[in-house]
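This report concerns only the one structure given below.
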Amino acid sequence: MYDETYDNPSPLQLQLDSFLRTSVFESGLAEQSLSAYAADLSRYINHLSDNDIREPKDILREDVLDHLIALRKDGMASRSIARHLSAIRRFHRFLADERVTDSNPTEDFDSPRIVQSLPHVLSASEIEAMLASPDTSTDKGTRDAAILELFYSCGLRISELASLHVVNVQLAESSIRVQGKGSKTRLIPIGEKAISTVSNWYTVRTRWKQDDNTVFLSTRGKRMSRTSVWQVVKHAARAANIRQNVT
């Protein structure tokens, strides 16, 4: 029942096929529900595959949340996301019951609460307000402006921003090389505004103590933690009068 166009189905795709068969023969799942489960879970597995996750045992709680956030960014309604999560939870219960995995990454999920707490997808005007919030007359504000620009215009994750190295930012070539999940490398184009903002930060950076070769440093010259980078985003949201969780 998995997509027969796969020449080499991954372990996850094979387990999905097994799950769907079991749902029909043991749970008596209706044809309409089966089709919805197949579509939702295929999308989930494709998302995992895009992040080099092909084995059920490698799926973490954060990977499930990352998929739900991606659905929200795509404009999916909360009710539809809740349906996706219901299918995902049932699939992971099956994997645990069949002893395919030792644990269930969705075990402690409260579906309504999880969906309600997903980050708010910002409008263009809200993003502009956040990008304009740092005081670029200060060194720290210049750094924060560069963080926000790469976060929103280039779509870098918080963890990718925190670990981004100077050598991987090629301003002359208008590109950034990012190593993401599963050691997967992406080449991301950057526009003139981002180039200008990062260049301004580099001018400031040369005056700061430098104990690390990552792009973004703390005021003590150390690599910024993921939490510190996220605090920059949250502070910008508050400054722009955005009260919801942001993404």
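Anything in the stretch 165-206 that is assigned to a helix (DSSP H, G or I), of a type in the set (V, I, T) and under 26 Å from N51 (Cα atoms)? List them, or say none. Those that are assigned to a helix (DSSP H, G or I), of a type in the set (V, I, T) and under 26 Å from N51 (Cα atoms): V166, V167. Can you tell me which residues in the stretch 126-159 are at pLDDT below 85, in a helix (DSSP H, G or I) and under 15 Å from the mean Cα position of the chain (by Cα)? Scanning the stretch 126-159 gives Y152, S153, I158, S159.
May I ask you to verify whether A162 is out of contact with any helix residue (DSSP H, G or I) (no Cβ under 6 Å at 6 or more places or on another chain), in a helix (DSSP H, G or I) and surrounded by 15 or more Cβ atoms within 10 Å (Cβ to Cβ)?
When the stated conditions are applied, A162 does not pass them.
Only one of the numbered conditions (1) closer than 23 Å to E126 by Cα; (2) not in a loop (DSSP other than H, G, I, E, B) is not met by N241, and that is (2).
Filtering the stretch 60-94 to residues that are outside any helix (DSSP H, G or I) and in contact (Cβ under 8 Å) with a residue 12 or more places away in the chain leaves L60, G75.
Within the stretch 124-146, restricting attention to residues that are among the charged types (D, E, K, R) and over 14 Å from N200 (Cβ atoms), which residue is surrounded by the fewest Cβ atoms within 10 Å (Cβ to Cβ)? Of everything passing the filter in the stretch 124-146, E128 is surrounded by the fewest Cβ atoms within 10 Å (Cβ to Cβ). Residue-level check: of (1) modelled with pLDDT of 90 or more; (2) crowded, with 16+ Cβ neighbours inside 10 Å, S23 misses just (1).
Here's a check for you: in the stretch 60-82, which residue that is touching a helix residue (DSSP H, G or I) at 6+ places or on another chain (Cβ under 7 Å) and more than 25 Å from L156 (Cβ to Cβ) is surrounded by the fewest Cβ atoms within 10 Å (Cβ to Cβ)? Even if it seems obvious, please write down each step before you answer.
Step one: filter the stretch 60-82 for residues touching a helix residue (DSSP H, G or I) at 6+ places or on another chain (Cβ under 7 Å), giving 63-64, 67-68, 70-72, 78, 81-82.
With more than 25 Å from L156 (Cβ to Cβ) added as a condition, the list becomes 78, 82.
Working: S78: 13, A82: 15.
So, considering only residues that are touching a helix residue (DSSP H, G or I) at 6+ places or on another chain (Cβ under 7 Å) and more than 25 Å from L156 (Cβ to Cβ), the one surrounded by the fewest Cβ atoms within 10 Å (Cβ to Cβ) is S78.
The values are calculated or read from the model by the stated rules, or taken from the named source; none is laboratory data. The structure presented is a predicted model; accordingly, all values stated were derived computationally and were not measured. Counting neighbours? That spans all protein chains shown, and the Cβs are built from the backbone with ideal geometry, glycine included.
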